[in-house]
Every structure is written in C-alpha cells, then in structure tokens.
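Colleague: Here it is, the structure in full.
The values are calculated or read from the model by the stated rules, or taken from the named source; none is laboratory data. In this text the structure is predicted, and so the values were computed from the model without any measurement. Cβ placement follows ideal geometry from the backbone for every residue including glycine, while neighbour counts extend to all protein chains displayed. Just so you know, the surface numbers come from the protein's heavy atoms only, side chains and all, with ligands and any DNA or RNA stripped out. Shrake-Rupley method; radii C 1.70, N 1.55, O 1.52, S 1.80 Å.
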Amino acid sequence: METKVLNLKDQNLYSGRIAEAAYALRDGEVVAFPTETVYGLGVHRDYAKAIERIYKIKKRGEEKRLTLMIADADDLKKYVGHVSRTAKKLMKFFWPGPLAIVFPLKDGTDISIRFPDDMAARDLIRAAQVPVFTTSANISGYPPSTDAQQVLMDFKGKIRIILDGGSTRLRSPSTVLKLKDEGYEIIRPGIISEGMIRSCLESTLVKA
C-alpha cells in the first residue's frame, strides 16, 4: 500500500486534501491526522475490518477501547442520552480540548468521546460525515507521534493517508476520564492533570 502524505499548510489545497482523507475514511481506510495533542489514527466506526486493522498495525490489545471523536459539541447528543452535571462542568471548562470523557450509556456500556481543539481534526470529521473512532498514532507501548514524519516512520505502507499539519501544539497526550456515580476516575493521565480537574469541579460547585 502506498501511504500519501498530504500537507495542509497550503490553504489553496487544504479543502481538497481534507476531502480526500474524508473519502478514504468513508471507504474504510485508516487515516492519520493532527490534533492539538498528538497525531491520531482514525477509522470509520462501522467498518469492522478497518477497526481490526487499526489494532493490528498498532499492535494494540483489543481490551483497549477506541475513542469517538466529534467535530461539534452538539454531536454528543447523537451518542449520549443523559449528560450529568459533572460532565457538563468538565465540558464547559475543557471542551474543545485535550480531555476524553467516558460516558455511561443506558444499556450498561459506555463510550469514550473527545472534542478536539484542532481545526484540521474537526474539518476531517465533518467532511467524512461518518462516526470516527480514533487512537493515538504510535505503536502501542511507544511514545505517540507529534509530527507527520514520526507517523510515517511507524506506518508507511500500512495506512492510506497522513494529513501533515506540522508539529502538534501541545505535544502531549490527552487525559481520559471516566464518569462514575460518585465522581470520576482517570483512566489515562495526560496533559490535563487531576488537580486541574478537581479545581474545575470545585470552582463550578462554588459558583452554582
């Protein structure tokens, strides 16, 4: 497989390259793209073979869930029925941004959702017009990629397209937080610290 690296810095070519990557996503291909934290790998949520491929090329254990990335805050309503007060406070402070929230669902399962603070990531998801599962662009156990060349080193010949947006802004992974009845649990530490989360929840409680 040929891996195409599409530079996003030329504004005259930007829309066409986003559209090309979006088409590849819809067609079941794995696409790498920048976010504000690290580069991600994205696949169409409803393509089982694409999801299998992302686990295979990352050498990732299947017990580790993928995150659904959304392009607009209102998209949350498509996937989550009830949003708790705690979740609303976290979303108000940290979305769009480097916090993935694991929401409980009515059927007893849950779903991890992230609303990134990155134009290219959101433009790609909007253009794809399909649910997009994501994970960091790295071989499991190794540091995540913060530029397109790192992605190419790991996945050349294994994925269809890399959208090159230059070095990521924050260069550190997002935090993954799971909502619980009596609060929350940090599933993966990241750039948003537990102290920042506590401060957010305490300050909004004081204001209420």
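Colleague: Looking at this structure, is Tyr55 of a type outside the set (D, E, K, R), surrounded by 11 or more Cβ atoms within 10 Å (Cβ to Cβ) and either under 13 Å from the mean Cα position of the chain (by Cα) or within 23 Å of Arg169 (Cα to Cα) (or both)?
Modeller: Answer is no for this residue.
Colleague: Take Ile57 and decide whether it is closer than 13 Å to Thr134 by Cα and in a helix (DSSP H, G or I).
Modeller: no
Colleague: Just give me the residues in the range 105-151 being charged (D, E, K, R), touching a strand residue (DSSP E or B) at 6+ places or on another chain (Cβ under 9 Å) and part of a loop (DSSP other than H, G, I, E, B), in sequence order.
Modeller: Scanning the range 105-151 gives Asp118, Asp147.
Colleague: Give me the pairs, please: first residue somewhere in the range 152-174 and without any contact (Cβ under 8 Å) to a residue 24 or more places away in the chain, second residue anywhere and part of a loop (DSSP other than H, G, I, E, B), beta-carbon distance under 8 Å, and either six or more positions apart or on two chains.
Modeller: Listed pairs, sorted by first residue: Asp154/Ala137; Asp154/Asn138; Asp154/Ile139; Asp154/Tyr142; Asp154/Ser145; Ser167/Thr146; Ser167/Asp147.
Colleague: Do we have any residue at all in the range 190-198 that's modelled with pLDDT of 95 or more and among the hydroxyl-bearing types (Ser, Thr, Tyr)?
Modeller: yes
Colleague: Name the residue, out of Ile186, Ile101, that is of a type in the set (Val, Ile, Thr), under 12 Å from the mean Cα position of the chain (by Cα), part of a strand (DSSP E or B) and over 24 Å from Lys49 (Cα atoms).
Modeller: Exactly one of Ile186, Ile101 is of a type in the set (Val, Ile, Thr), under 12 Å from the mean Cα position of the chain (by Cα), part of a strand (DSSP E or B) and over 24 Å from Lys49 (Cα atoms), namely Ile101.
Colleague: Oh, and also: Among the candidates Lys78, Lys64, Lys106, Lys89, single out the residue that is on the phi < 0 side of the Ramachandran plot, open to solvent by less than 60 Å² (accessible area, probe 1.4 Å) and among the charged types (D, E, K, R).
Modeller: Of the residues listed, the single one that is on the phi < 0 side of the Ramachandran plot, open to solvent by less than 60 Å² (accessible area, probe 1.4 Å) and among the charged types (D, E, K, R) is Lys89.
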